[in-house]
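Everything on this sheet refers to the single structure shown next.
Nothing in this text is a laboratory measurement; each read-out follows from the coordinates by a stated rule. Just so we're clear, the structure is a prediction, and the values are computed from it rather than from any experiment. A quick note on method: Cβ atoms are made from the backbone with ideal geometry, for glycine too, and the neighbour counts reach across all protein chains shown.
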Amino acid sequence: MLPTFKNPLMPAAFIGHGSPMNALLPHSDPYVQALTQLSANLPLPSAILVISAHWQTEGTFVLNSLTPKTIHDFYGFPEELHKVLYPAPGSPECALKINSLVNTEKIQFDNGKWGLDHGSWSILKHLYPQAEIPVLQLSLDTRKTPNEHYALAAQLKELRKMGVLILGSGNIVHNLRKISFTRNAQAFDWAFEFDLWTKTALENRDDRALTEDFHSSEAGRLSVPTLEHYLPLLYVLGASDENESVRFIYEELQNASISMRSFVVPGT
């Protein structure tokens, strides 16, 4: 059984994770400080459900392992990064609850085939470095439309009443074909334009525009050439109400074509 949560509703958050190398940033880095401050201001979660850009499947899966493994789902990075472990426990109880909440499809258990990929542990390492909170991941069904992802997220809203932190991990702007390997390289005009468009839509809680109109401009098509890094944002919106305000906890464009914009709802 998930513990009774004393607060009325756990916040939800979207975190831009960017390069896996961000996992190795020092505590003094502004991005790390923003994540540290966020976790300090949040109620202690009973569990964390991460929707990571890096787990794409046919059908929707959820981790149900008691001890999810750390996955190093990248190559060409320093050995130091491959040695990072995030030994958080899992929560089969929460996986069962997710399965029971969703009535539009069968949520499948991964049964140990997946684990915590870098979309999870690269940010959790800064948010909760002790790895003491149970963590699960929910996969992105590649067959779903953005509206269908948003609708699935709405069925997970009940988890917030149980103290579960719903955490989307991706990037609003994510175009690796245009990337600069200099972290502080000047952002492309189109990246800045779409990041600002998204910021305004979030401030106005225009969930319809964010779900349906993100490809309506050339800036949007360049910023979201593939969906997987954008979709986790829709899970945070879908699992919240449009009257819940957004508070930005970090705003930066890295590597010319990556937005690190991160936010929490409710933003009070």
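Ranked by the mean number of other Cβ atoms within 10 Å of their residues, highest first, the peptides 78-88, 192-202 fall in the order 192-202, 78-88. For a straight C-alpha distance cut-off of 15 angstrom, the aspartates and glutamates reachable from K69 (same-chain residues fewer than eight places away being disregarded) are D110, D117, E132.
Here the stretch 1-151 is treated with +1 on each Lys and Arg Cβ and -1 on each Asp and Glu Cβ, and its dipole about the Cα centre works out to around 260 debye.
Checking the cross-link pairs K97/K161; K97/K199; K106/K157; K83/K113; K106/K144 against a 23 Å limit on the alpha carbon distance flags K97/K199 as lying beyond it. Peptides 166-172, 22-28, 100-106 ranked from most to least packed by the mean count of surrounding Cβ atoms within 10 Å: 166-172, 22-28, 100-106. For the stretch 223-240, 3J(HN,Hα) computed residue by residue from phi via the Karplus equation (6.51, -1.76, 1.60; θ = phi - 60°) reads 6, 10, x, 9, 7, 4, 7, 8, 4, x, 4, 5, 5, 5, 5, x, 8, 10 Hz, glycine and proline entered as x. Each of N184, Y150, A201 was scored by the projection of its Cα onto the charge dipole of the stretch 114-268, and the greatest displacement toward the positive side belongs to N184; charges sit on the C-beta of Lys, Arg, Asp and Glu. For the chain, the share of DSSP beta bridges that are antiparallel, to the nearest 5, is 35%. Rounded to the nearest 20, the size of the Cβ-charge dipole of the chain about its Cα centre is 500 debye, with Lys and Arg at +1 and Asp and Glu at -1. For the stretch 12-265, the relative contact order is 31 percent, taking Cα pairs closer than 8 Å that sit 6 or more residues apart in sequence and dividing their mean separation by the residue count.
Sorted on the mean count of surrounding Cβ atoms within 10 Å across their residues, most packed first, peptides 180-186, 63-69, 207-213 read 63-69, 207-213, 180-186. If one puts a single equal scatterer on every Cα of the chain and applies the Debye formula without solvent, what log₁₀ I(q)/I(0) results at q = 0.09, 0.17 Å⁻¹? So the normalised log intensities are -0.36, -1.45. Between the listed residues Y31, V264, L138, the Cα displaced farthest toward the positive end of the dipole of the chain, a dipole computed from Cβ unit charges relative to the Cα centre, is found at L138.
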